[in-house]
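Contents: one structure, followed by commentary.
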Amino acid sequence: MGRAFEFRKERKMKRWDKMSKLFPKLSKAITLAAKEGVPDPEMNAKLRAAILNAKAENMPKDNIDAAIKRAQGKDADTISEVTFEGKGANGVQYFIECATDNNARTVANIKSYFNKCGGHLLQNGALEFMFTRKAVFEIEKRAGIDVDSMELELIDFGLQDLEETDDTIYLYGDYTEFGNLSKGLEKLGIAPKKATLQRISTNPVELSEEEYEKSEILLDKIEDDEDVVNVFTNIA
């Protein structure tokens, strides 16, 4: 799963090459996390992760602080988290997470992307058993980290799986263990490069190059939308 996530990350960052697109998405994620819990990252694991991810993309501290303050103001009441589930060509499934201040606009936009690309939206819950929610942490592989020892320690904090690439260690746990895994890494003195809640397909599909390129057209349209925070697919 690690290599697949790294590939998807590179693909997504290529699309979001302009900071004018990336920073607003990161800001919304921070605002929602602060709105759901307390605005203190020390007491809110989800907010702490959102800030960590923003810093990983070189988002300025002023932008981060402004996003947290926004959660405490009256404007925060207009922002809500909504999800969409859809199906495109070649059996590709899409699970879309949005943060929006205009639900009607977001619904109309997402629906139009599927219609234009020969797909359609599904009823919410249709893909409930087709994706599993996981807490995913990316750790920089460096000297001094004993992977075996770290794995044994983190099992008590909800670690389910660990994978390695040449430069990154990926840790996986159930999404409900996100906070516990964060505490476990803090206890070990290890700061993750990135911490996210992912939706992982239970039945990924293999696509030909032509089929993949066709699916990319719809993915581009969805991920370019200002209200879209995350898109997960069942593409292998």
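The values are calculated or read from the model by the stated rules, or taken from the named source; none is laboratory data. The model shown is predicted, which means the values in this text are computed figures rather than measured ones. Methodologically, a virtual Cβ is constructed for each residue, glycine included, from the backbone with ideal geometry; neighbour enumeration extends over all protein chains shown. Just so you know, the surface numbers come from the protein's heavy atoms only, side chains and all, with ligands and any DNA or RNA stripped out. Shrake-Rupley method; radii C 1.70, N 1.55, O 1.52, S 1.80 Å.
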- Can you name every residue in segment 33-48 that is part of a helix (DSSP H, G or I) and either open to solvent by 20 Å² or more (accessible area, probe 1.4 Å) or charged (D, E, K, R) (or both)? LYS35, GLU36, ALA45, LYS46, ARG48
- Limited to segment 49-72, what total is found for residues that are over 17 Å from VAL229 (Cα atoms), open to solvent by less than 80 Å² (accessible area, probe 1.4 Å) and either outside any helix (DSSP H, G or I) or in contact (Cβ under 8 Å) with a residue 60 or more places away in the chain (or both)? 1
- Query: Is it true that some residue in segment 117-131 is open to solvent by 70 Å² or more (accessible area, probe 1.4 Å), on the phi < 0 side of the Ramachandran plot and in contact with a Leu (Cβ under 9 Å, 6 or more places away or on another chain)?
  - Reply: no
- When (1) touching a Pro at 6+ places or on another chain (Cβ under 6 Å); (2) closer than 20 Å to ARG48 by Cα; (3) of a type in the set (S, T, N, Q) are applied to GLN198, the one that fails is (1)
- Would you mind finding the one in ALA236, ALA191 that is modelled with pLDDT under 95, of a type in the set (A, V, I, L, M), out of contact with any Leu (no Cβ under 7 Å at 6 or more places or on another chain) and over 27 Å from ASN109 (Cα atoms)? ALA191
